[in-house]
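One structure is given below, encoded as structure tokens.
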Amino acid sequence: MKRQMKLGHRLRGWMLALALLATAVGCSSIQESGPWEDAFDDGAGWHLSADAVADVNVADGELVVHVFAPGQIAWAMSERRWSDLRLKVEATHVSGPDDNEYGVLLRMSKTSSGSDAFYAFSISGDGYARIARYEGGTWTVLGSDWVPSPAIHQGEATNLLEVVAQGPAFEFIVNGQSVLETEDTVLKTGGIGVYAGAFAEGGVVVAFDNLQVTPLP
């Protein structure tokens, strides 16, 4: 029942937010970037936004995502693109319900038909993880949906998220422990993003810091 509830709320939240993604993905035009480190002293290199649903901004040396409403998500997207990479970022659940989601978006792009596409590497404040692909209005969970993991620090805590993407192979690492691995050949390159989402209850606040992106040969 836990996984089914999370999946239902997640799908509604993402569907409501995809209109914003269409604009952001279209702006990600810088091709194949090199190494990048960002301590979030400012918002340079990111598409940020604020509205009645959520606020995404840089404050006090962190990129903060505040989702006000239930069943919604919000993200910041980079202006850079990569194919194969190792990404690390510190993600802190600052406040709000533990039944949430937050993490990293990868290879955010447009398909040849003009539809939106990306991979989502996600954890929740109550200790679950998953990898999924969104493409052209369809979600594909890559493996099992919302897998419990003891590697995740639950509640209002900091988790070090790491994604290794090399060709079709992906590994999702949390606090130095591999939690999920998968292969998928659909998406080749694109922007990166960080995001947070609310399920049944709003007020989710997640802060990101100390991003590192290393291209892989």
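What follows draws every value from the coordinates through simple rules; no lab data is involved. None of the values given here were measured: they were computed from a predicted structure. Note that we place each Cβ from the backbone using ideal geometry, even for glycine, and neighbour counts take in every protein chain shown.
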### Query
Sorted by mean Cβ packing within 10 Å, highest first, what order do the peptides 57-70, 184-197 take?
184-197, 57-70
## Note on the structure
Given the candidates Thr111, Asn159, Trp46, the one whose Cα lies deepest towards the positive end of the charge dipole of the chain, counting +1 at each Lys or Arg C-beta and -1 at each Asp or Glu C-beta, is Thr111
#### Entry: Karplus-derived HN-Hα couplings along segment 186-194 (A = 6.51, B = -1.76, C = 1.60, θ = phi - 60°), whole Hz, x at Gly and Pro
6, 9, 9, 7, x, x, 10, x, 10
#### Entry: Distant-in-sequence amide H partners of Gln72 (H built 1.01 Å from N, under 5 Å)
Ala198
### Task
Report the charge-dipole magnitude of the chain in Debye, nearest 20, computed about the Cα centre from +1 at each Lys and Arg Cβ and -1 at each Asp and Glu Cβ.
780
### Summary
Over all directions, segment 2-215 yields a Cα convex hull whose mean projected area in nm² is 9.9
### Query
Which one of Gly136, Gly127, Gly202 has the biggest mean-square fluctuation once the chain is modelled by GNM with Cα springs under 10 Å?
Gly136
